[in-house]
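Trainee: Submitted below is the structure of interest, expressed as structure tokens.
The values are calculated or read from the model by the stated rules, or taken from the named source; none is laboratory data. All figures in this text were calculated on a predicted structure; none of them were measured in a lab. Cβ: placed from backbone, ideal geometry, glycine included. Neighbour counts: every protein chain shown. To get the accessible areas, we keep the full protein, side chains included, count just its heavy atoms, and leave off ligands, DNA and RNA. Shrake-Rupley method; radii C 1.70, N 1.55, O 1.52, S 1.80 Å.
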Amino acid sequence: MSHIAEAARRRTFAIISHPDAGKTTLTENLLLAGGAIRAAGEVAARGAQRRTRSDWMKIERDRGISVSASVMTFEYSDLVFNLLDTPGHEDFSEDTYRTLTAADCAVMVLDAAKGIEPQTLKLFEVCRMRDIPIITFINKMDREALEPIELLDEVQDKLQLDTAPLYWPAASGQRFAGMKDLTTGEFCQFDRRPGEPPHIGPATRIPGSDEDLIGKLDDHVYAELVEGVEMVTGLLPKFDEEAFKAGNMTPVVFGSALRHFGVAELLNTLRDFAPAPRVQKAERKGQVISVQPSDSDVSGFVFKIQANMDPNHRDRVAFLRLCSGEFKRGMRLKSATGKQLNIHNPLMFLAQDREIAETAYAGDVIGVPNHGQLRVGDSLSESGEIQFAGIPNFAPELLRRARVKDPMKAKHLRKALESLAEEGVTQLFKPAIGSDMIVGAVGQLQFEVMIERVAAEYGLEVVFEMAPYNVARWMACDDPAKLEEFLDRNKSASGTDLDGAPVYLAKNAWDVGYAQEKNPSIRFTATKERSL
Ligand code: G4P
């Protein structure tokens, strides 16, 4: 198969949700539905690939690399699905945001009893920034849920996203009976199977018209369903694939991830509508270009770095999202800034395993083991001429001053913090005055992880204290002299990030607003796109 046809069958997506909405349960059940794992949790043995796998295990042992499953690849219906794991819960970090930059589509999981929650909203905003199409899965229908129409209204109001239900549920909680497929008219039956493991696979369908359901559903549930279907088909627009692909409309599937209901239907919705790898904007020799998945120059960008868990090895794995061409093991890729790398042991990630990738195509994600040369936002290509746009840094929500307990070790601490910041999970700012090290993170947990890692990997005891600033904003101005002047006047409230880019360090959001008002030509931004 040509690399063009291979790219066309890739579907790269992520799942976004608020903690506890059921992302983990849904991930596992999608893998079950896709046949990537077995119910017992066993990967199907694939003899031919044994050898490459053991190759990898040897490398893992020799170099001490250990990588969690950040990408899960599985084949279903002649398509190759790459499910990108967005760390949830307290792990929520810049990584979570940036993983979305590598996805072509997202599944938004909502808890049917809760609707849109704060983290769903934040993640949704990132999807919106990049016009990533979203499929909505309303989970936990086996529990008492809000009225489905209320849930859709909330999506419409809070996210400004048109909703197009592909299914409509029949009640919820104890009375949950299933859902009607609004496209075919069939009814997908929820098989309760008390005390038994759920049935894996698509729901049993009752064909025919609503009347065929009389006697099969509780009278009240039936009446509610008929009324609900009449209302939504009258009120809501029909699913429009173009509006979905533009990020303006979301198809909605209901279900219960825990009971494996609606999961195969969700996977089929992904199969039918999730877009193939997108065209990516980039720069080549000063020109803005569109990189097509069909282009023959192999290219991709690094959206995540994972450090080694073993403190004796400093190796890292960079996650490279491929955007074009046919990647082959052993290939030499270059960055526009002159970095060069022979990729001998590219990893691909299966549901519960990893293998050496012999080939990979646009849409795929490969892990590139390296000694720290690669940074988040780096673009790699065969030609070395491509720099992708839009791998953003996000302004941290928490700033702390880092101090090492042994003052003689301040330099060592700076090195440690720099190398952790290079992984892209946290940020390090250097105020214009003084020698403070200001660390920024999206969540509190990042600081706790850092304390442990700095101790384990660098043997230093770090303390994070309240910082004199609470907000960081990047600054940009078309007139460099104006920016210089501002920085000069505001030395005590400015600094630089790891790349030397100017940052405004403010006490609060009000200060930022004030500075913006007084300096209209300067842009104070909460995201920094990697400059071209
Ligand atoms: P997350 O990754 O989004 O944080 O959510 P996770 O899948 O861990 O699910 C959070 C809780 O919700 C879990 O219960 C899980 O079993 C439950 N859950 C997920 N999907 C459904 C569903 O469709 N129906 C029902 N009734 N529950 C669901 P827990 O008690 O926190 O954990 P556990 O002890 O069951 O593992």
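Trainee: So if we plug the beta-carbon distance of THR359 and ALA246 into 1/(1 + (r/R0)^6) with R0 = 30 Å, what FRET efficiency do we get, rounded to 0.05?
Mentor: With a Förster radius of 30 Å, E is 0.40.
Trainee: While we're looking at this one, here's another question. Could you tell me how many degrees, from 0 to 90 and to the nearest 10, lie between the Cα long axis of helix 480-489 and the main elongation axis, the longest principal axis, of the Cα atoms of the chain?
Mentor: Taking the Cα atoms of the chain, the angle to 480-489 is about 70 degrees.
Trainee: I would also like to ask the following. Please work out how much accessible surface GLU154 shows to a 1.4 Å probe, ignoring ligands, DNA and RNA, in Å² rounded to 10.
Mentor: That residue has around 40 Å² of solvent-accessible surface.
Trainee: How many percent of all Cα-Cα pairs in region 176-246 sit more than 16 Å apart?
Mentor: On the way: 1405 of 2485 pairs.
Taking all Cα-Cα pairs of region 176-246, the fraction more than 16 Å apart is 57 percent.
Trainee: Please identify every one of the chymotrypsin sites (Phe, Trp or Tyr not before Pro) in region 337-428 that sits in a loop by DSSP and has no more than 11 other beta carbons within 10 Å of its own beta carbon. Could the numbers behind the result be given before it?
Mentor: Numbers: sites: PHE349, TYR361, PHE388, PHE394; in loops: none.
Nothing satisfies the criteria.
Trainee: Any idea what the relative contact order of region 393-528 is, in percent, if you count C-alpha pairs under 8 Å spaced at least 6 apart? Could the numbers behind the result be given before it?
Mentor: On the way: 241 pairs, mean separation 42.4, N = 136.
Contact order relative to length: 31 percent.
Trainee: Sorted from largest down, what three extents in whole angstroms do the Cα atoms of region 280-388 have along their principal axes?
Mentor: 43, 26, 20
Trainee: Could you work out the relative contact order of the chain? I mean the mean sequence separation of Cα pairs under 8 Å and 6+ apart, divided by the number of residues, in percent. Don't jump to the answer; show the numbers that get you there.
Mentor: On the way: 1167 pairs, mean separation 79.3, N = 532.
About 15 percent, as a whole number.
Trainee: Using the per-residue mean of other Cβ atoms lying within 10 Å as a proxy for protection, in what order, highest first, do the peptides 117-123, 373-379, 240-246 fall? List each step's numbers first, then the result.
Mentor: Details: 117-123: 16.9, 373-379: 22.1, 240-246: 14.7.
The packing order, highest mean first, is 373-379, 117-123, 240-246.
Trainee: Take LYS158 and GLU227, extend 7 Å from each Cα along the Cα→Cβ direction, and tell me the distance between the two endpoints in nm.
Mentor: Distance between the two pseudo-spin positions: 2.6 nm.
Trainee: Report the convex hull volume per residue for region 367-497, counting only C-alpha atoms, in Å³. Don't skip to the end; give the middle numbers.
Mentor: Working: hull volume 18.7 nm³, N = 131.
Considering the Cα atoms of region 367-497, their hull volume per residue is 143 Å³.
Trainee: Got the relative contact order for region 280-388 handy, in percent, Cα pairs under 8 Å and 6 or more residues apart? List each step's numbers first, then the result.
Mentor: Details: 271 pairs, mean separation 37.9, N = 109.
Reported as a whole number, the value is 35 percent.
Trainee: Can you tell me the 0 to 90 degree angle between the C-alpha axis of helix 118-129 and the longest principal axis of the chain, rounded to 10?
Mentor: Rounded to the nearest ten degrees, it is 80.
Trainee: What does the highest-first list of 191-202, 3-14 look like by mean Cβ count within 10 Å?
Mentor: Ranked from most to least packed, the peptides come out as 3-14, 191-202.
Trainee: What does DSSP give for region 145-294 in terms of the percent of beta bridges that are antiparallel, rounded to the nearest 5?
Mentor: Counting DSSP beta bridges with both partners in region 145-294, the antiparallel share is about 75 percent.
Trainee: Right, another one. Given the Cα-Cα distance of ASP219 and ALA5 and 0.36 nm per residue of separation, how much length would full extension add, in nm? Write out the running numbers ahead of the final one.
Mentor: Working: separation 214, 0.36 × 214 = 77.04 nm, distance 5.00 nm.
Gain in length upon complete extension: 72.0 nm.
Trainee: Which peptide among 471-479, 330-338, 102-110 comes first, and what is the full order, when sorted by highest mean count of other Cβ atoms within 10 Å?
Mentor: Details: 471-479: 17.1, 330-338: 15.3, 102-110: 25.4.
The densest-packed peptide leads the list: 102-110, 471-479, 330-338.
Trainee: Same structure, new question: Any chance you could get the radius of gyration and Dmax over the Cα atoms of the chain, in Å?
Mentor: 24.8, 81
Trainee: What's the long-distance tail for region 133-203, i.e. % of Cα pairs beyond 18 Å?
Mentor: 45
Trainee: Computed FRET efficiency, Cβ-Cβ of SER383 and GLU144, R0 45 Å: what is it to the nearest 0.05?
Mentor: Details: r = 57 Å, r/R0 = 1.27.
Calculated transfer efficiency: 0.20.
Trainee: Whole number please: convex hull volume per residue, Cα atoms of region 225-267, in Å³. Intermediate values should be presented prior to the final figure.
Mentor: On the way: hull volume 3.8 nm³, N = 43.
Per residue, the Cα convex hull of region 225-267 comes to 89 Å³.
Trainee: By how many degrees, 0 to 90 and rounded to 10, does the Cα axis of helix 50-63 deviate from the longest principal axis of the chain?
Mentor: 30
Trainee: Hey, another quick one. When the helices in the chain are scored as -39500 (n - 2.57) per DSSP H run of 4 or longer and the sum is shared across all residues, what 222 nm value do you end up with, to the nearest 500 deg cm²/dmol?
Mentor: Numbers: 13 runs with 144 residues, N = 532.
That comes out to -8000 deg cm²/dmol.
Trainee: Once you place label points 7 Å from the Cα toward the Cβ at ALA113 and CYS477, how far apart are they in nm?
Mentor: Each label point is offset 7 Å from its Cα along the Cβ direction, giving 5.4 nm.
Trainee: What pairs in LYS245/LYS285; LYS430/LYS482; LYS140/LYS528 have C-alpha atoms more than 26 Å from each other? Could the numbers behind the result be given before it?
Mentor: Numbers: LYS245/LYS285 30 Å; LYS430/LYS482 21 Å; LYS140/LYS528 37 Å.
The answer is LYS245/LYS285; LYS140/LYS528.
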